[in-house]
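Worksheet: the structure to be examined is printed underneath.
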Amino acid sequence: MSKIEIIRGDITLLNIDAIVNAANRSLLGGGGVDGTIHRAAGSELLKACELLNGCSTGQAKITPGFRLPARYVIHTVGPVWRDGKHGESELLSSCYHQCLKLAVENNISTIAFPNISTGVYGFPKEQAVIIALETVQHFLGENPEIEQVLFCCFDKGNFDIYNTLLNSNIMIEKVISYEDILITADLAVKIWNEHYVPIIGQEQVNYMVSTFQSPGAIENQINNEHYEYYILYHQSEPSGYFAIKQSGDELFLSKLYVLKEKRGAGLGKEGFRFISRKAKESGLLRITLTVNINNINSIKAYEKLGFKNDGPVIADIGNGFVMDDFKMSFEF
Ligand code: APR
């Protein structure tokens with residue numbers, strides 16, 4: 001499942017498509033990992049970098065790897081940490097995003113990052129790891145072409161932080177393959193039975209799961225009705241899922257479900273953060289959803305996230321079943 005791996009060692013030894021260099025704006029080499037990469041790649045790397053006319057903070061540029069085992073070096077310039085109030089987080093996230101964007105543009109499918117800005121540039125390691133993981137997971141959710149992202153930690157401090165966070169962390173992966181669809185449908189059967197039978201009864205749950213959440217129905221929604229499904233993994237286990245669909249200037253949150261045993265791990269909140277960021281990045285004005293009027297816990301959870309109740313709506317779901325819902329919306 002996971003395309004993200006944490007390793008300990010010297011990034012210049014990795015025999016993969018691309019390694020990322022934590023450079024400075026001149027791109028003419030320096031200390032730290034920058035110096036090591038230039039030494040290992042040889043003088044041709046410097047010559048190639050001289051033609052690039054430098055690089056702005058938060059941006060990335062690419063060269064061949066020359067004498068490195070890696071085919072390419074993607075040079076990025078991380079922010080120097082000041083006080084966290086000068087856009088440092090956004091610039092660091094941009095480094096990871098721009099490197100991955102360049103990787104996709106150059107058909108690079110395996111890429112290794114050092115812990116950008118956490119050395120000479122003084123970025124607090126824990127904050128940097130959270131930014132790196134969130135940015136990379138978000139990008140992987142949108143770009144399945146990237147097969148593997150390695151976080152190559154030179155020092156134990158970073159290595160331990162990554163592993164702690166990743167193991168307790170939540171991974172969000174877009175449903176792309178039929179195997180993903182089967183995982184989602186399996187989650188739907190479990191979650192709908194444990195969550196909805198007390199609210200709408202077994203017969204209606206059976207009807208709805210077989211009609212709207214079977215593998216075929218999910219596949220049809222993705223391929224023909226422009227739904228996007230995502231699986232929420234907690235400690236690498238499928239633990240929940242959500243489905244979204246853009247309609248006009250709104251993002252319709254069709255479903256956001258978590259296994260009962262996985263409640264309290266922050267999956268719903270993390271899923272909503274992912275959805276909100278996606279809606280904002282698409283310039284949408286609001287997120288809307290419908291929720292059964294008797295689903296008190298979900299209504300309260302959405303209100304806690306900032307949704308307002310826009311009043312009752314009746315949904316005829318066929319086979320004589322009608323859903324008494326509330327429509328709720330979250331305005332940006
Ligand atoms: N492999 C992997 N990671 C490494 C290696 C290596 N061979 N050498 C150092 N690192 C790690 C450091 O332990 C740190 O966690 O790279 C991370 C980034 O540290 P720096 O290299 O100091 O980079 P950064 O903090 O982004 O500062 C960039 O330092 O080297 C100069 O020219 C560079 O001016 C720029 C500044």
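The values are calculated or read from the model by the stated rules, or taken from the named source; none is laboratory data. Just so we're clear, the structure is a prediction, and the values are computed from it rather than from any experiment. Every residue, glycine among them, receives a Cβ derived from its backbone with ideal geometry; neighbour counts consider all protein chains shown.
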* Pairs with Cβ under 8 Å, 6+ apart, first in the range 16-35 and closer than 22 Å to A103 by Cβ and hydrophobic (A, V, I, L, M, F, W, C), second assigned to a strand (DSSP E or B) and near the ligand (Cβ under 6 Å from one of its atoms) -> I19/C152; V33/A22
* Q137 vs. criteria at pLDDT below 90 and crowded, with 21+ Cβ neighbours inside 10 Å -> yes
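Go through the range 46-94 and give me each residue that's among the acidic types (D, E) and either more than 24 Å from Q137 (Cα to Cα) or touching a His at 6+ places or on another chain (Cβ under 7 Å) (or both).
From the range 46-94, those among the acidic types (D, E) are 50, 83, 88, 90; that's our starting set.
Those that are among the acidic types (D, E) and either more than 24 Å from Q137 (Cα to Cα) or touching a His at 6+ places or on another chain (Cβ under 7 Å) (or both): E50, D83.
In the list E90, E126, which residue meets the criterion of being acidic (D, E) and under 29 Å from I244 (Cα atoms)?
Values: E126 fails: under 29 Å from I244 (Cα atoms).
Criteria check complete, one pass: E90.
Which of the residues belonging to the range 256-287 are in a strand (DSSP E or B) and surrounded by fewer than 19 Cβ atoms within 10 Å (Cβ to Cβ)? It would help to see each step written out before you state the result.
So the first thing to find is which residues in the range 256-287 are in a strand (DSSP E or B), and the list is 256-258, 286-287.
R286, the sole residue that qualifies.
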* Considering the range 1-12 alone, what residues qualify as being out of contact with any Leu (no Cβ under 9 Å at 6 or more places or on another chain) and near the ligand (Cβ under 8 Å from one of its atoms)? -> G9, D10
* To do: Check T164 against each of (1) over 25 Å from K262 (Cβ atoms); (2) within 18 Å of the chain's Cα centre (by Cα); (3) free of Cβ contacts under 8 Å to residues at least 24 places away in the same chain and name the one condition it does not meet.
  => (1)
* Asked: Restricted to the range 43-54, and to residues that are more than 18 Å from C95 (Cα to Cα) and surrounded by fewer than 21 Cβ atoms within 10 Å (Cβ to Cβ), which residue is nearest to the ligand (Cβ to nearest atom)?
  -> L46
* Does G240 satisfy the condition of being of a type in the set (G, A, S) and closer than 22 Å to N223 by Cα? -> yes
* Can you spot a residue in the range 143-158 that is among the aromatic types (F, W, Y) and closer than 30 Å to Q127 by Cα? -> yes
* Asked: Which of the residues spanning the range 185-206 are at pLDDT 95 or above and aromatic (F, W, Y)?
  -> W192
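Run down L182, L150, L165, L133 and say which single residue is outside any loop (DSSP other than H, G, I, E, B), away from the ligand (no atom under 16 Å from the Cβ) and on the phi < 0 side of the Ramachandran plot. Lay out the reasoning, then the answer.
Values: L150 fails: away from the ligand (no atom under 16 Å from the Cβ); L165 fails: away from the ligand (no atom under 16 Å from the Cβ); L133 fails: away from the ligand (no atom under 16 Å from the Cβ).
On inspection, the qualifying residue turns out to be L182.
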* Complete set of residues in the range 25-37 that are surrounded by 23 or more Cβ atoms within 10 Å (Cβ to Cβ) and more than 6 Å from the ligand (Cβ to nearest atom) -> L27, I37
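Scan A18, A22, A70, A40 and give me the residue that is away from the ligand (no atom under 13 Å from the Cβ) and small (G, A, S).
A18
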* Which members of the range 86-123 meet the condition of being under 22 Å from P69 (Cα atoms), part of a helix (DSSP H, G or I) and over 17 Å from the mean Cα position of the chain (by Cα)? -> L102, E105
* Conditions: (1) surrounded by fewer than 17 Cβ atoms within 10 Å (Cβ to Cβ); (2) more than 15 Å from the ligand (Cβ to nearest atom). I108 meets all but one. Number of the miss? -> (1)
